[in-house]
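A short write-up of the structure that comes next.
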Amino acid sequence: MSLWPLSLLTAAPPIAHVATVAQSAEHVQGLRNELDALQTKLDQLVEDLPVLDARCRSFLDAIGRIATARKANSLVLQYHPQLLELLELPQLMETCVRNGYFEEALELDAHVASLRRRLDANPILDSVVRVGAAKGRSKRCAR
C-alpha cells in the first residue's frame, strides 16, 4: 500500500490542472460567444432572405423584358430590308400619282391590298395604307 493518504492523492490532480481547467472554461465561454454571434448573423440572414428573394424575382422579370425586347429588335434587324420597302410604299404611291403613272399606282394599290389580306391585322401595314391613301387622295384632289 501507499504511504500517502487517499485524500492527498485525489486532491493533487485537480490542483495540478487548475490552469488547464481555467483555460478550458475560457475556451468554452469564447465558443459560446462565437455561437451567439453566429446565431445573430443567421437570424439576420433569415430576415434578409425575403428581400433578396424579391430582388431576385425583380431581376428575373427585368431579364425577361430585356430578352423580349432583344428578340423584337433582332426580328426588326432581320426583316429590315422588307420593312424599308414597306415603309417606302406611300412615297412610291405619291410619286406614281404625281407623275401620272396611274396604272402603276393601281398595281401598287392592289399589291398593298394583297399584303393586307395576307398579313391580317398588322398595325404597320395599316399605317402605311392610311398614309398612302391620304397622299394619293391629296394628289388627285390637287389636279
(request) Please find the FRET efficiency linking Ile66 to Leu45, where r is the Cβ-Cβ separation and R0 is fixed at 30 Å, and quote it to the nearest 0.05. (result) 0.50
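Give me the net charge for the shell around Ala110: Cβ to Cβ below 12 angstrom, other residues only, Lys and Arg +1, Asp and Glu -1. Each step should come with its number before you reach the end.
Working: positive: Arg116, Arg117; negative: Glu103, Glu104, Glu107, Asp109.
For residues surrounding Ala110, the net value is -2.
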(request) Please turn the phi angles of region 91-97 into ³J(HN,Hα) values with the Karplus equation 6.51 cos²θ - 1.76 cosθ + 1.60 (θ = phi - 60°), one per residue in order, whole Hz, x for glycine and proline. (result) 5, 5, 4, 4, 5, 4, 5
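Relative to 2.2 N^0.38 Å, what does the C-alpha radius of gyration of region 37-131 come to as a ratio? Two decimals please.
Values: Rg = 26.4 Å, N = 95, 2.2 N^0.38 = 12.4 Å.
This ratio for region 37-131 stands at 2.12.
Quote the convex hull volume per residue of region 15-78, based on C-alpha atoms, as a whole number of Å³.
Details: hull volume 5.0 nm³, N = 64.
Each residue corresponds to 78 Å³ of Cα convex hull volume.
Values in this text are rule-based calculations from the coordinates and carry no lab data. What you are looking at is a predicted structure, and each value in this text was computed from that prediction instead of being measured. Every residue, glycine as well, gets a Cβ built from its backbone with ideal geometry; the counts of neighbours run over all protein chains shown.
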